[in-house]
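Structure first, commentary second.
What follows is calculated from the coordinates using simple rules that are stated; it is not laboratory data. Since the structure is predicted, the reported quantities are computational estimates derived from the model, not experimental observations. Note that we place each Cβ from the backbone using ideal geometry, even for glycine, and neighbour counts take in every protein chain shown.
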Amino acid sequence: MIPTITALPLLQLASGDRLSLQIYKFVGEKPGRKVYLQSNLHGSELTGNAVIHQLIQWLSELELAQLVGEIWLVPLCNPLGTNERSHHFSPGRFDPYSGENWNRIFWEYQPSAEELTAFAQSQMECDRLTIEQNYRDRIQTSFGKLAAPLQAPSSKPFSDHYRFLLQSLCLDAHYVIDLHTSSDQGLTYFYYFQNRQTSARLFMLPIGILLDEYAGGAFDEAFMKPWLALEDCFAKLGRKIQFDIEAWTLELGSAMQIDTATVDRGVQAVKNYLLQKGILRVPAAPAPMPSIAAMKLVSSSQMKKYYAPVGGMVQSRVALGKTVEAGQRLYQILSFNKSSGEGFSPEMPTILDICAEQSGIVYDVSINHAVNQGEYVLGIL
Ligand SMILES: [Zn+2]
């Protein structure tokens, strides 16, 4: 299969240069479901680009007849973020104009409770596919209304243009996969939504985190939440229905690096998902998948982040991936307490032990060991 490669203009810079998005579309012989993958929404999170590259190579070796439906891949989906620098570091997590997290800007279809109930009631006798199509039409119509203000003479901030372009690529998808990494140093795991545990297994990753608390405006949430709201609405009306719609965020290790083992893991995860979903028909021995019981599935509300209680240097920190018990020391802060001026009282440096409030796995640690008071140090789940 040869992909169709499309470039979409995204942004003209003050210098006159232009940034764009490049989309690789694989369209199978037979129509079917659409899968949408993107990477590097946060500018320093690079691993997904290598994963997408390997997927493009793999798909290119397959026959058209082996793909049912279509797969769209968008590596480097946020060029402005990817190119941002501070010395040799890549911040790229926040919109430089507004300070907003790039993954909190997305538009979400939010009908009122009355509108949603009226829609569900009107569809009670329809089959699932018809309801899916009718609801998708509503989402698309509502989304389409965002276009005119972007074209008006007053225009809109860049993030409004950006989200419109990116979301226009995936609103008609069935499965959305957003490839991230930690913005520091992290393990490999994924986020999933309610009632999607069975598909969660297909990624064959050891840790899954159920989103029981929403960040608001995240790419996966913006895609998925309208469908979950409709499923809940049907349940209240007494009809159990689950749409064939899924969204996932994979967290593939650490920022600002491409680690071969982590890339391999990401590629295997996505390949297995596509094969098990029947998007690709490839004769291969089925991969041994972990049972749900063997995976660590926790809720996002159980993730505990630790912030420095005082300013100083982090030392003797537990390693990423270690299991810790409540009360166990997590790290120390070496603090050179300075004072000056009239009430000057000289102090020797101090060392403060920080201990775990709860047991769990250290899933993420800060890159920088110098921390101001209140700065992030590590996370436990
Ligand atoms: Zn991210």
What lysines does Lys304 reach when the alpha-carbon gap must be under 28 Å and sequence neighbours fewer than 8 apart in one chain are set aside? Lys225, Lys296, Lys322
On alpha-carbon atoms, Rg over Rh for the range 4-301 using Kirkwood Rh? 0.95
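Which of the three applies to the range 1-139, rounded, prolate or oblate, going by the alpha-carbon gyration tensor with a ≥ b ≥ c and a/c under 1.5 meaning rounded? Please report the intermediate quantities before stating the final value.
On the way: a/c = 2.63, a/b = 1.29, b/c = 2.04.
Oblate, because a/c is 1.5 or more while a/b does not exceed b/c.
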Part-to-part distance (alpha-carbon centres) for the range 277-335 and the range 35-106, which is given in Å: 23
For Lys322 and Glu61, calculate 0.36 nm times their separation in residues minus their Cα-Cα distance, and state this gained length in nm to one decimal. 90.0 nm
At a Cα cut-off below 13 Å, give the aspartates and glutamates reachable from Lys25, other chains included and same-chain residues fewer than 8 away excluded. Glu70
The FRET efficiency for Ser155 and Ser15, from their Cβ-Cβ distance with R0 = 22 Å and rounded to 0.05, is 0.70
Within the range 294-381, DSSP-loop GluC sites (Glu not before Pro) with at most 11 other C-beta atoms within 10 Å are Glu325, Glu342, Glu347
For a bin width of 10 Å, list the pair-distance distribution of the range 217-316 built from all Cα-Cα distances, rounded to whole %. 10, 24, 36, 20, 8, 2
Principal axis dimensions, largest first and in whole angstrom, of the range 304-380 by Cα: 46, 22, 17
Once every DSSP H run of n ≥ 4 in the chain is given -39500 (n - 2.57) and the sum is divided by its residues, what mean residue ellipticity at 222 nm do you get, rounded to the nearest 500 deg cm²/dmol? -8000 deg cm²/dmol
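Taking R0 as 45 Å, what FRET efficiency do you get between Gln268 and Leu352 from their Cβ-Cβ distance, rounded to the nearest 0.05? The partial results should precede the final answer.
Working: r = 42 Å, r/R0 = 0.93.
Here the calculated transfer efficiency is 0.60.
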Inverse of mean 1/r across different Cα pairs in the range 109-163, Kirkwood, Å: 13.2
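What trypsin sites (Lys or Arg not before Pro) does the range 228-298 have in DSSP loop regions with at most 16 other beta carbons within 10 Å?
Listed in order of number, the matching sites are Arg239, Lys240, Arg281.
Which GluC sites (Glu not before Pro) in the range 92-127 pass both tests, a DSSP loop state and at most 10 other beta-carbon atoms within 10 Å?
On the way: sites: Glu100, Glu108, Glu114, Glu115, Glu125; in loops: Glu100, Glu108, Glu125.
Hits after loop and neighbour filter: Glu125.
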